[in-house]
Amino acid sequence: TCGASILRQESRSAWAAPTSGGAQVSWEAPDDHGDPITEYLVYVDGDPVPTSVAGDTTTATLDGLTIGEPHVFEVAAANAHGTSARSMPTDAVVPYAATTTTVAFTPSAVAYPGTFDVVATVHAPITVQDGTVTFWRNSTKVGEVPVVDGQAALRGQALNAATYTFVASFGGGALAQASGSSAMITVSRGTQVISFTAPEATAWNAGPVTVAPTSTSGLTVAVASTTTSVCRVSARTVTLLTAGTCTLTASQAGNANYSA
């Protein structure tokens, strides 16, 4: 008789744990009664075609199982005399999916004061429909967003011009492992446009002329005379000194968010 007869139907001598896309099955080594066990046979969901495992081990990792579906396993042992009865089925286990998470920005480039979205995509053999992505910006937690159809997005980021590192950490779901990654985006300085309406011609001795240039940045615009023999400027008040053409230049030096 087979020395593996300890694996009787009434003995639950095998057990299983889920893995990514499969399961790890373990069992007790039976008494071989002096006839070494040559192999173990691991059956998945009662399938008549087993996986053969060397007789000197008591574990087997089975891959390629359906993620999200319950699976049970039975084990039999074989030696020179034949094959034992199968063990009692293990408790059902449900394989889960390994994941990777990537971070992208929409749009991929932005200038102040523009906004952008931070989009985390959870890649897996299945479509991830649960779990939460936690977003961090330069080590500061800035949001938690549920995953829907494998994605979670942090919308409408409006930030000063600078370089930022965003980390997206997927905490895992019912059938998906946790994962995370990071990416960097630079918000460049914005451009500004100055509007400067030329004052009408006036007599040189008619008194000061006020000018009012503006910038799309909202920053204060400086005004200077490039014809100082004809006119001079103090703030936005132009004093005419003599007849001639008074040429004025409006400029804005910019700041951390705007180019000059």
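Cα centroids of region 191-260 and region 46-73: 83 Å apart.
Per the 1.4 Å probe, what fraction of the accessible area of region 178-260, in percent, lies on carbon and sulfur atoms? C and S fraction of accessible area: 54 percent. Full extension of the chain between Thr239 and Ser259 gives 4.2 nm of extra length, using 0.36 nm per residue less the Cα-Cα distance.
State the label only: which of (1) 1.05; (2) 1.50; (3) 0.96 corresponds to Rg/Rh (Cα atoms, Kirkwood Rh) computed from the shown model? So the calculated entry is the one marked (2). Summed over the residues of region 135-205 and divided among them, the accessible surface reaches 59 Å² per residue at a probe radius of 1.4 Å. Between Val211, Val145, Val42, the GNM of the chain built on Cα springs shorter than 10 angstrom shows Val211 fluctuating the most. Solvent-accessible area assigned to carbon and sulfur over region 6-133 amounts to 52 percent, based on a 1.4 Å probe. The length gained by stretching the chain between Ala178 and Asp35 to full extension, at 0.36 nm per residue less their Cα-Cα distance, is 46.9 nm.
Placing unit charges on C-beta atoms (Lys and Arg positive, Asp and Glu negative, everything else neutral), compute the dipole magnitude of the chain about its Cα centre in debye, rounded to 20. Dipole magnitude for the chain comes out near 2400 debye. Dipole magnitude for region 106-255: about 480 debye, using +1 per Lys or Arg Cβ and -1 per Asp or Glu Cβ, origin at the Cα centre.
Between Thr191 and Thr106, what is the FRET efficiency for a Förster distance of 25 Å, r being their Cβ-Cβ separation, to the nearest 0.05?
Here the calculated transfer efficiency is 0.70.
The values are calculated or read from the model by the stated rules, or taken from the named source; none is laboratory data. Nothing here was measured: the structure is a model prediction, and the numbers come from that model. Backbone-built Cβ (ideal geometry, glycine too); neighbour counts: all protein chains shown. Side chains are part of the model used for accessible areas, which takes the heavy atoms of the whole protein and leaves out ligands, DNA and RNA. Shrake-Rupley method; radii C 1.70, N 1.55, O 1.52, S 1.80 Å.
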